[in-house]
Amino acid sequence: MNGKRGKAWMKSVFVMICLLAVITAGCSSNNNNNGGKQNAETTKPSSDAGTTGEATVPDYPASLSYWVELNPNAAATMANLGESKLYQQLEKETGTKVEFTHPSGEGSQIDEQFNLMLASKKLPDVIERNWLTVSRGPDDAIKSGTILRLNELIDQYAPNLKAYLEEHPEIKKMISTDEGNIYSFPFIRGDEKLMVFYGPIIRKDWLDKAGLEVPTTIDEWETMLLKFKDMNGGQAPFFQTLSDTGIGNAFIGAYGIPLEFYNDNGTVKYGSEQPAYKEYLTLMNRWYKEGILDPDFAAMDTQLRDSKITTDKTLAFVSYTGSGIGKYMGLKKDDPSFELISAPYPTLNKGEDAVWGQRDFPYTGIGAAITSAAKNPEQIVRWLDYAYGPEGHNLFNFGVEGDSFTMQNGEPTYTDVIMNNPDGLPITQAMSQYIRASYNGPFVQDRGYIEQYLALDSQKEALVNWEKAGTDMKMPLVTLTSDEGRKVASIMTDLKVYREEMMLKFIMGSESLDKFDDYVKTLKSMGIDEVVKIEQDALDRFNKR
């Protein structure tokens with residue numbers, strides 16, 4: 001090889017090496033989260049090496065542990081979220097194996113297991129729950145070392161959520177505490193259509209047999225329920241569980257109050273100590289005595305509820321558009337006589353609109369927090385952020401493309417796997433195998449989900465009926481300081497137990513409503529006025545954010 005040809009050959013090799021390096025780097029940098037994955041060569045100042053050097057952080061963790069309640073519709077078809085097509089696909093996309101832990105039971109039972117887990121000091125990497133209902137609040141959970149402050153981690157390692165919050169500053173205000181802490185990857189309802197989904201439901205076929213119109217007042221409801229009881233061999237036709245009472249404030253809202261705290265023109269009040277609460281209890285006590293309120297209302301689990309509704313025992317109840325109307329119409333699809341419709345939230349006077357109903361905020365406190373036990377929080381942040389990017393958004397809302405949805409006219413459209421499940425599953429249960437949009441999770445819920453989910457005319461009409469109820473007095477998503485959280489927790493833990501005990505006693509008649517004033521005095525002796533003052537201070541701070 002002569003000198004010129006040798007130099008030219010060497011130059012060509014050098015150029016090819018440079019091009020190869022550029023292509024390799026380009027492939028890595030193009031593998032970003034907007035396309036489904038984060039850059040594998042992202043660098044950051046080492047936070048644990050104690051130097052000013054750079055440390056490479058891999059895309060996603062190889063594995064992580066995740067504590068979250070298993071939604072009843074998901075529990076009907078699987079024992080663990082790891083069995084869902086959603087998380088199986090997510091593992092393919094990210095390479096992350098998730099070990100799920102699901103607490104058992106409902107409500108206070110789950111809270112008890114959560115508190116026991118904290119006391120054991122054996123924390124998973126991620127805990128998903130409503131952090132605004134946690135004892136002492138999210139700021140205290142950060143200060144006590146239970147969970148991590150996420151502001152800086154989101155800023156550096158969660159480009160999708162960061163961009164969303166920059167575009168929606170009102171959401172950032174909601175998910176932050178008064179101290180400015182972001183404590184979880186939030187569940188966000190991404191459209192107004194997604195915020196109303198719960199209210200009174202009636203068997204229309206029985207209403208037609210009774211020759212009655214849809215009731216709008218408490219008196220009309222009582223007339224209807226008494227008629228149903230007579231028509232159905234004395235079977236109590238109605239139930240509303242203790243948790244139902246607080247979700248949409250149906251029936252109690254007719255008296256102008258909710259069960260919990262509310263904002264009366266800037267003044268915080270507690271519904272369960274107001275004189276109007278006695279009027280509500282009087283109504284429920286009368287319905288219980290008359291045999292129209294199901295005597296099992298205090299111990300109504302999902303299985304018993306399903307049985308009573310599908311066997312013509314329960315003819316009126318309160319529930320959701322999907323897991324209420326949709327679920328039971330699906331379970332009874334082979335019974336042409338079975339038909340459910342919605343009713344507006346009842347009032348005391350004909351022609352009025354209820355001042356209380358169910359309407360969620362875009363954010364309600366539900367989110368996935370990273371605990372102090374996590375050894376790789378940067379990677380977990382990236383993994384959680386995947387759900388806020390375009391591919392993750394579709395996965396959490398619509399499932400697996402080509403399986404649970406296809407693109408039609410540019411829009412994700414559910415297939416028959418969801419809408420007409422070949423195994424005969426109701427839509428809610430079919431959805432729970434593929435998506436989390438049918439309940440909640442750390443992602444932005446898409447309106448396209450609800451527009452397809454509410455396939456029945458009665459479901460669409462329910463939104464019209466239920467959205468008429470007001471929520472002007474609803475407390476915004478205030479947060480408490482650590483000291484306030486500890487004080488409220490120390491008071492409300494016992495106070496709520498006492499309130500529930502007395503609610504049951506008053507309704508079932510084991511305690512006379514003549515003792516209502518004594519009940520209120522006990523609430524005051526337990527510290528309810530102090531809690532109202534704390535909530536007032538929190539409301540004032542929220543209004544100044």
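Computed quantities for the displayed model
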{"quantity": "Cβ-Cβ under 6 Å pairs, at least 6 apart or on other chains, region 72-101 side of a type in the set (K, R), far side surrounded by 18 or more Cβ atoms within 10 Å (Cβ to Cβ)", "calculated": "K85/V400; K85/Q433; K85/Y434"}
{"quantity": "Of residues in region 152-198 being small (G, A, S) and either touching an Asp or Glu at 6+ places or on another chain (Cβ under 7 Å) or not in a helix (DSSP H, G or I) (or both), the one nearest to A250 (Cα to Cα)", "calculated": "G190"}
{"quantity": "Given (1) surrounded by 15 or more Cβ atoms within 10 Å (Cβ to Cβ); (2) within 30 Å of W67 (Cα to Cα), number of the condition D423 does not satisfy", "calculated": "(1)"}
{"quantity": "Subset tally (residues that are in a helix (DSSP H, G or I), among the hydroxyl-bearing types (S, T, Y) and under 18 Å from the mean Cα position of the chain (by Cα)) for region 75-121", "calculated": "1"}
{"quantity": "Breaking point among (1) over 24 Å from A76 (Cβ atoms); (2) among the basic types (K, R); (3) surrounded by fewer than 21 Cβ atoms within 10 Å (Cβ to Cβ), for R129", "calculated": "(1)"}
{"quantity": "Qualifying residue in region 483-498 (condition: more than 22 Å from A141 (Cα to Cα), more than 25 Å from the chain's Cα centre (by Cα) and of a type outside the set (V, I, T))", "calculated": "yes"}
{"quantity": "Whichever residue in region 379-401 is outside any helix (DSSP H, G or I) and in contact (Cβ under 8 Å) with a residue 24 or more places away in the chain and, among such residues, is farthest from the chain's Cα centre (by Cα)", "calculated": "V400"}
{"quantity": "Residue that is surrounded by the fewest Cβ atoms within 10 Å (Cβ to Cβ) [pool: residues in region 251-280 that are part of a helix (DSSP H, G or I) and more than 28 Å from the chain's Cα centre (by Cα)]", "calculated": "P275"}
{"quantity": "Residue check, E99 among the charged types (D, E, K, R) and modelled with pLDDT of 95 or more", "calculated": "yes"}
{"quantity": "Wholly enclosed helices (runs of 4 or more DSSP H) of region 454-545 bearing at least 1 residues assigned by TED's automatic domain parsing to the domain that holds G330 and among the charged types (D, E, K, R)", "calculated": "482-508, 516-526, 528-543"}
{"quantity": "Condition check for F185: under 28 Å from A74 (Cβ atoms), surrounded by 22 or more Cβ atoms within 10 Å (Cβ to Cβ) and outside the structural domain of G253 (by TED's automatic domain parsing)", "calculated": "yes"}
{"quantity": "Check on K229, out of contact with any Leu (no Cβ under 8 Å at 6 or more places or on another chain), surrounded by fewer than 18 Cβ atoms within 10 Å (Cβ to Cβ) and assigned to a helix (DSSP H, G or I)", "calculated": "no"}
{"quantity": "Filter pass, Y434 being at pLDDT 95 or above, crowded, with 21+ Cβ neighbours inside 10 Å and not basic (K, R)", "calculated": "yes"}
{"quantity": "Residues within region 120-146 that are aliphatic (A, V, I, L, M) and over 24 Å from V531 (Cβ atoms), tallied", "calculated": "3"}
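The values are calculated or read from the model by the stated rules, or taken from the named source; none is laboratory data. None of the values given here were measured: they were computed from a predicted structure. Backbone-built Cβ (ideal geometry, glycine too); neighbour counts: all protein chains shown.
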